[in-house]
1. Would you please list the contacts, defined by Cβ atoms under 6 Å and residues six or more apart or on different chains, that run from a residue in the stretch 1-24 that is under 15 Å from V60 (Cβ atoms) and touching a residue at least 24 places away in the same chain (Cβ under 8 Å) to a residue that is among the polar types (S, T, N, Q) and in a helix (DSSP H, G or I)?
2. State whether the residues of the stretch 26-37 include one that is on the phi < 0 side of the Ramachandran plot and in contact (Cβ under 8 Å) with a residue 24 or more places away in the chain.
Amino acid sequence: MNVSKNIGIVNALIRITLGLTILSWSTAKMVKHPWKESYIFIALCGAMKVAEGIVRFCPVTALFREYKDDMKDQFLPDSNHDDDGTALDAEQILPYNPS
């Protein structure tokens, strides 16, 4: 998997803002209720969102894009040529639509 920027600047700023909000809320709750472990998990999720916004890379977005490309290659391996190498016209590529 290629690690390059895959989210925009506005998306990154939203992730940083919401991540810091979630992180501050969960740490404030941990101060009042230190025995609850769910706040630690929520704090880690907020920190992960802040990190995604800073580096502008989201692994979930990268996985979805890779899956989409794999599905496109699986269903349309070479849409311009038939199995014997002859070129296909538009009627052979597109299904019949009666409407």
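1. Short answer, once both residue conditions are applied: N6/T61.
2. Checking the stretch 26-37: not a single residue is on the phi < 0 side of the Ramachandran plot and in contact (Cβ under 8 Å) with a residue 24 or more places away in the chain.
Yes/no matrix, rows are residues, columns are (1) assigned to a helix (DSSP H, G or I); (2) surrounded by 15 or more Cβ atoms within 10 Å (Cβ to Cβ); (3) among the aliphatic types (A, V, I, L, M):
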{"residue": "V3", "(1), (2), (3)": "no, no, yes"}
{"residue": "N6", "(1), (2), (3)": "no, yes, no"}
{"residue": "G19", "(1), (2), (3)": "yes, yes, no"}
{"residue": "M48", "(1), (2), (3)": "yes, yes, yes"}
{"residue": "G53", "(1), (2), (3)": "yes, yes, no"}
{"residue": "F64", "(1), (2), (3)": "yes, no, no"}
{"residue": "K68", "(1), (2), (3)": "yes, no, no"}
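Values in this text are rule-based calculations from the coordinates and carry no lab data. This structure is a prediction, so every number in the text was calculated from the model and none was measured. Note: ideal-geometry Cβ built from the backbone for every residue, glycine included; neighbour counts use all protein chains shown.
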